[in-house]
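The values are calculated or read from the model by the stated rules, or taken from the named source; none is laboratory data. Every value quoted in this text rests on a predicted model; they were computed, and no experiment measured them. Neighbour counts run over all protein chains shown; Cβ positions are idealised from the backbone, glycine included. All accessible areas refer to the heavy atoms of the entire protein, side chains included, with ligands and DNA or RNA removed. Shrake-Rupley method; radii C 1.70, N 1.55, O 1.52, S 1.80 Å.
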Amino acid sequence: MNAKTVGVVGSGTMGSGIAQVISQSGSSVLLYDINETVVNRAIAKISGQLDRLHEKGKLSEADCLAAKERIRPAVNLVELQHCELVIEAAPERLEIKRDLFRQLDECCRRETILATNTSSFSVTEMGGFTSRAERVAGLHFFNPAPLMPLVEVIRGIKTAEETVSWLYRFACDLGKSPVICEDTPGFIVNRVARPYYNEALRILGDRIATAEQIDRIMKKAGAFRMGPFELQDLIGIDINFSTTESVHAGFFGDPRFRPHTYQQRMMQAGKLGRKAGGGFYDYDE
């Protein structure tokens, strides 16, 4: 049941984090992106993260070097054909994921499990883009993937129990704490989190308190490690907004999950959080 080689599709923050976790666990990783420069830059960043772990005494020199050597770039999906598992970590746009799953279904072996790291789209729908719905499931990591212990293993309507069990054990082998959940909008964490973000945005939009005040109150009074606006900046305001839109649509317009225009305006202005140098807070380059 061990995955000797895992493909990760998408070399952004989440894809790179997932690739790092897998390489540290002992499996080889093929990190795919359409742009060779982009994927090589991502691997160099992962290498720097591993070096920092070694400098802090959290990773031996031998383990650091071995983890680096396990990650290789890929710029053609056909290169992933022999992977036991492929994890899609592309941007949260359904048309991108649809095309990727169709292509992966064509080029990967029939035994390969295709998993999506989507935070809100239907896993059942992803399976419908392929001819192997029984081997399609959700494997949702949280940002930053190397640090966050939780992984949601999502069962689509046609996902085989063997697939769910395999992914659960795989997540355990990564040192994560997986939870199996059903294919509902937002799954568990993002469904619970929507009111946390949305009500904070309403309070900000009504000018009752500032983002800094709300974050400070939630950390001091609620014992949260991060406030709702710090979290949005970390995750990416565009990603957070897209997830809210998806959950809202998935529940047929339930007002509990309605997105807020303040967040939409932030996204339109390009204030996307840490990755853009500023969101609700400003960050140094």
>> With an 8 Å Cα cut-off and a minimum separation of 6 or more residues, compute the relative contact order for the stretch 43-126 in percent.
In response: 27
> Using alpha carbon coordinates only, what is the Rg to Rh ratio of the stretch 1-153, with Rh defined as the Kirkwood radius?
Replying inline: 0.96
> Which value results when the Cα radius of gyration for the chain is divided by 2.2 N^0.38 Å?
Replying inline: 1.01
>> Run the Debye formula on the Cα coordinates of the stretch 234-285, all scatterers equal and no solvent, and tell me log10 I(q)/I(0) at q = 0.22 1/Å.
In response: -0.74
> If you stretched the chain out fully between Arg207 and Ile188, how much longer would it get, using 0.36 nm times the residue separation minus the C-alpha to C-alpha distance?
Replying inline: 3.8 nm
> If each of Cys172 and Arg41 carries a label point 7 Å out from its Cα toward its Cβ, how far apart are those two points in nm?
Replying inline: 4.0
>> Leaving out ligands, DNA and RNA, and with a 1.4 Å probe, what % of the accessible surface on the chain is carbon or sulfur?
In response: 52
>> Given a Förster distance of 30 Å, report the FRET efficiency between Ser165 and Gln103 from their Cβ-Cβ distance, rounded to the nearest 0.05.
In response: 0.65
>> Taking 0.36 nm per residue of sequence separation and subtracting the Cα-Cα distance, how much length would be gained by fully extending the chain between Asn143 and Ala269, in nm to one decimal?
In response: 43.0 nm
>> Sort 190-199, 240-249 by packing, meaning the average of other beta carbons within 10 Å per residue, with the highest value first.
In response: 240-249, 190-199
> Each residue of the stretch 72-77 in turn: what ³J(HN,Hα) in whole Hz from Karplus with 6.51, -1.76, 1.60 and θ = phi - 60°, glycine and Pro shown as x?
Replying inline: 10, x, 9, 10, 9, 4
>> Using Cα-Cα distances under 8 Å and only pairs 6 or more residues apart, what relative contact order does the chain have, in percent?
In response: 13
>> I'd like to check one number: the per residue accessible area of the stretch 141-285, probe 1.4 Å, reported in Å² as a whole number.
In response: 53
